[in-house]
Every structure is written in C-alpha cells, then in structure tokens.
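Here the structure is laid out as structure tokens; the discussion comes afterwards.
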Amino acid sequence: MHQVGPGRQAMTRLMLGRTLERICKAVLLLCLIHFLIMMILYFDVYSQRFDLFRRNGSRTNTNVSAGTAHHYFLYNVTRANATAACLTTSPSPQPEDQQTPSPKPLPPCPESPPGLVGRLLIEFSSLMTMERVQKENPNVTNGGRYTPPDCRARWKVAIIIPFRHRENHLKYWLHYLHPILRRQKIDYGLYIINQLGEETFNRAKLLNVGYSEALKDSEYDCFIFSDVDLIPMDDRNIYHCYDQPRHFAIAMDKFGFRLPYAGYFGGVSGLSKKQFLKINGFPNEYWGWGGEDDDIYNRITLNGMKVSRPDVRIGRYRMIKHERDKHNEPNPQRFNKIQNTKNTMRKDGISSLSYRLVHVRRFPLYTNISVEIGKPPPRPFKG
C-alpha cells in the first residue's frame, strides 16, 4: 500500500486548518453583520416609539391607537404632575394651552437698580431733534409707554407734564428722561397735557386733567407731575411713589442747588392714587404763575401727611433757561388763596374738575392730550 509521507500529511492538516479558520471568520463576520442589523432595527423601532410617546405627551388632542395606549399610560403615570385623565387608555382631548407651561413670574424690580450711573452731565447746547430722540429709545412703545422686560415694577407710573408752546424743551426732556426711566426700571406712560388757546395758563388744572385722562388709558397707581424744563442730574432720584407724597426737585440750579423754603413743593412731585384722592387732587382756580404748589403742600399737611424728599446730593436739577411765557403772568391772588386752602380744598379739586377734551394723539415717545380748560373768572374790581 502506498503511504503518504509525513510532509504531505502536515501540508494537508495545514490547509485544512486554514480552511476551517476562514470558515470561522466568515461565520463570525456574518454574526457581526446580523448583530448590527438587529441593533439598527431595534433603535429604529425604539426611536419611532419614543417619538410617538413624546407626541402623545405634548399633544393630548391627538388620538392614540389601542396598541400605543398602554405605553402612553406608563409614560404619563411616571410624571409628577400626571392627572387622572392620563390613567385612561383613551385620554380625552384637552385644550392645547393647558399643556403649555405658564411662564415664571418676574421677580420684583430692585429698589436700587444695578444699571444706575449716578451723577449725570446735563447740557442744552447740542442740537436736539425728535428723530434723534426716537432712535435713542427703540424700546419705548407708541404713546410713550415702557415696561421693564426682566422684572416687575412696584408701581405703574403715569408721568404728566403741563404744556403749551414748549416743543424745544420737550425734545431735551425726552432725550434725557426716557433713558433715565428705563435704567430705573419704571413701568410708565408719558402724557403731555397741552392747553389749547391763549387764555391764562393753569398748571394745576392741567395736572388734574392729566390724572383723569391717564386713568382712562391704564390702571395707574402712581402719578409723577413734572415741568417740562426740569432735568434731573442724578438717576438715583427714582421716579416712583413713596409712602408719603414725594418732592423730587429739591435742589435746582435756579436756586443755587438748595431748597428755597421749607414748604416748597414745585417743579417735580409725585403722589400715589390714594394720596392724590385724599387731598382732592390739585386746585383748579390758580390762573397764572405761582401759588398752586404751596396750596398742594398745604393740602398734604392738612390731611396728616408729610412730604418726603431725596438726599440733597441726589435731588439736583438743571432748568432750561427761558423767558416767562405770555399769558402766564404772576397771579396777584395767589397769596390770599394759599391762606384759604383749608376752606377750599374740599370743593376745589379733582372732584370739581371740568374741561373739554379736544383730541388725543399717540406719538412714538409720548401721548399728547389737548384740552380746553376755560378761562379765569373776572378779577374783582378795586374801587
């Protein structure tokens, strides 16, 4: 018998081993490919099912099939705020807005906002245009309204300016005050109360008109009354209301940056709605310049309140220089009227206010309210 030599046997075994090795590698490769295909199919099905769960959780007005209802049930019972409606196999549709989480309430605005800069440089020599001021204040909405976007203001403030023939002054006022008020985080609306005609000017009556008309616009609970020619020199002089009636303009350059006398309440002042009604608003019978601020001060003290003021270093103001307006001459009766505040304040004020509203126009930076307020009664004949 022919015998295979040892070398040939070794060669045969080697070839057989290589063949088996290749077969094993092929089998392993097929297993790996099969495993990858199974994983792809598994994750594809899982992602579709997860997507279905997510859509069912966020859109309760979409009907789910019986096959997915069980998964919808398991998904919702694990949520901390799941409702009894989620425990049914076929949840009834709910309004979509009920599923939308309500926005978090804004925190209260800080009493001293971090964006304040303190002492300001105020000058009136540069050319000022309304177009420039409007570009400077893109966040002020139509009618001169602004609400802080990141906090809840303590007061809703109506800023009221008595007005006639002061367009140039108004541009400077808007230029300086809108940025200041925004930094102070004030929720405010700005109202220019324009006295039509050329009759004697009546500042206090226009302020009463501003109070009345602003409340038609919104539920204000704080009112700042400001002359259009007064600009604060420090933005830490916060324009909102306080526990007592507030006098802001306590140190004007006109008076050498000091209070002219203890009972002075002129220029810029603020009262809450409650304080304003307690004194029956402002007097309507002060025609011409002077006296109405002292009458208001008397009304405050006679009603058991005190005037609050900022620190003299903060309550500084610059006045835009100008000539005295025509038809706003000093009121010769003001001294007698001031002495009779106690007798007149209950019948002369917001409760007796009468005027004719001519038109309301909303501009990008303020609301203009033009009114006719009548004319002064004839002065008594001096015989």
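The values are calculated or read from the model by the stated rules, or taken from the named source; none is laboratory data. All values reported here derive from a predicted model rather than from experimental measurement. Cβ: placed from backbone, ideal geometry, glycine included. Neighbour counts: every protein chain shown.
Side notes on the structure shown:
- Residue in the stretch 202-212 that is part of a strand (DSSP E or B), within 30 Å of Gly115 (Cα to Cα) and touching a residue at least 12 places away in the same chain (Cβ under 8 Å) present: no
- Within the set Arg318, Arg313, Arg258, the sole residue that is touching a strand residue (DSSP E or B) at 6+ places or on another chain (Cβ under 9 Å), part of a strand (DSSP E or B) and assigned by TED's automatic domain parsing to the domain that holds Thr344 turns out to be Arg318.
- Residues located in the stretch 218-230, provided they are of a type outside the set (Phe, Trp, Tyr) and in a strand (DSSP E or B): Cys222, Ile224, Ser226, Leu230
- Of all residue pairs spaced 6 or more apart or on separate chains, those with beta-carbon atoms under 8 Å, a first member in the stretch 149-172 that is within 22 Å of Glu111 (Cα to Cα) and in the same structural domain as Leu196 (by TED's automatic domain parsing) and a second member that is crowded, with 18+ Cβ neighbours inside 10 Å and of a type in the set (Lys, Arg) are Cys151/Lys185; Ala153/Lys185.
- Pairs are defined by a Cβ separation below 9 Å, a sequence spacing of at least 6 or placement on different chains, a first member in the stretch 232-261 that is without any contact (Cβ under 8 Å) to a residue 12 or more places away in the chain, and a second member that is of a type outside the set (D, E, K, R) and surrounded by 15 or more Cβ atoms within 10 Å (Cβ to Cβ); the pairs so defined are Phe255/Tyr264; Pro260/Met252; Pro260/Gly266.
- Test result for Asp311, of a type in the set (D, E, K, R), within 30 Å of Gly118 (Cβ to Cβ) and surrounded by fewer than 23 Cβ atoms within 10 Å (Cβ to Cβ): yes
- Residues of the stretch 164-188 satisfying the condition of being part of a strand (DSSP E or B) and buried (at least 24 other Cβ atoms within 10 Å of the Cβ): Tyr188
- Applying the set (1) at pLDDT 95 or above; (2) over 24 Å from the mean Cα position of the chain (by Cα); (3) surrounded by 15 or more Cβ atoms within 10 Å (Cβ to Cβ) to Trp155 leaves exactly one unmet item: (2).
- Residue in the stretch 111-129 that is free of Cβ contacts under 8 Å to residues at least 60 places away in the same chain and of a type in the set (Gly, Ala, Ser) present: yes
- Test: residue in the stretch 282-300 that is within 24 Å of the chain's Cα centre (by Cα), assigned by TED's automatic domain parsing to the domain that holds Ile350, outside any loop (DSSP other than H, G, I, E, B) and polar (S, T, N, Q): no
- Qualifying residue in the stretch 231-249 (condition: over 23 Å from Arg166 (Cα atoms), in a loop (DSSP other than H, G, I, E, B) and of a type in the set (Val, Ile, Thr)): yes
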